[in-house]
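The values are calculated or read from the model by the stated rules, or taken from the named source; none is laboratory data. All figures in this text were calculated on a predicted structure; none of them were measured in a lab. So basically every Cβ, Gly included, is an ideal-geometry build from the backbone, and we count neighbours across all protein chains shown.
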């Protein structure tokens, strides 16, 4: 229980720290909002794939550890499990999992900033269509992600004074890896977090796509309003007799 509290605290602490990054974090400098979002969608797809791979890696290791438990005498089990952990580089797997959570939060913050920036540049955007509030949706996603990580460990809350650094989490993982039972506890926590992140990242990708389409549609609609008067004038002029158009132009 002590480990699970520290693990969740570290992950959530990292996520909260990511939300305070500068506004350009994760953004593609010099690109328009829809282009930035498209680049972020591609990046998000890689994070989803990484989270899915983490689920698979943990499940595969759990199977290996169970087989080891069945084949190894109790007196030798912990030392054998520790070697298995090291050979499989499972500490790195948990480091990657933490990075996935932090990277997702960075993208969430960047997308929220892009939404606010687009509203400033296009005053009519806030009331466009059904007026969906993407900024609030991204804020909700951040809260849901932190909550999903907590809930995946069946933990009611993680207090701020329990938050640990990445180094502290790695030290705790190394300590737990020295016994088969400690490894199982770590694996259960890691699997639940990674599975929760797969779902959360997919939700974030859906928000990204919706934001890009909405902004594209708004820009097209605004351009249509600009083009309409000119098209109307061209249509009227095209209906006039040729001599009238010449006279009109000469005057």
Considering 182, 238, 199, 190, which residue is at pLDDT 65 or above and surrounded by fewer than 17 Cβ atoms within 10 Å (Cβ to Cβ)?
199
Among the residues of the range 127-149, which ones are part of a helix (DSSP H, G or I) and at pLDDT below 70?
127
With (1) more than 30 Å from residue 98 (Cα to Cα); (2) touching a helix residue (DSSP H, G or I) at 6+ places or on another chain (Cβ under 9 Å); (3) at pLDDT 55 or above as the list, and residue 217 as the residue in question, which single condition is left unmet?
(2)
Conditions (1) surrounded by 15 or more Cβ atoms within 10 Å (Cβ to Cβ); (2) at pLDDT 80 or above: number failed by residue 173:
(2)
Regarding residue 97, is this residue surrounded by 15 or more Cβ atoms within 10 Å (Cβ to Cβ) and either more than 26 Å from the chain's Cα centre (by Cα) or not in a helix (DSSP H, G or I) (or both)?
no
Of the residues in the range 178-209, those that are touching a residue at least 60 places away in the same chain (Cβ under 8 Å) and over 30 Å from residue 115 (Cα atoms) come to 178, 179, 180, 182, 183, 184, 185, 186, 187, 189, 190, 191
Report whether or not residue 86 is at pLDDT below 90, out of contact with any helix residue (DSSP H, G or I) (no Cβ under 9 Å at 6 or more places or on another chain) and in a helix (DSSP H, G or I).
no
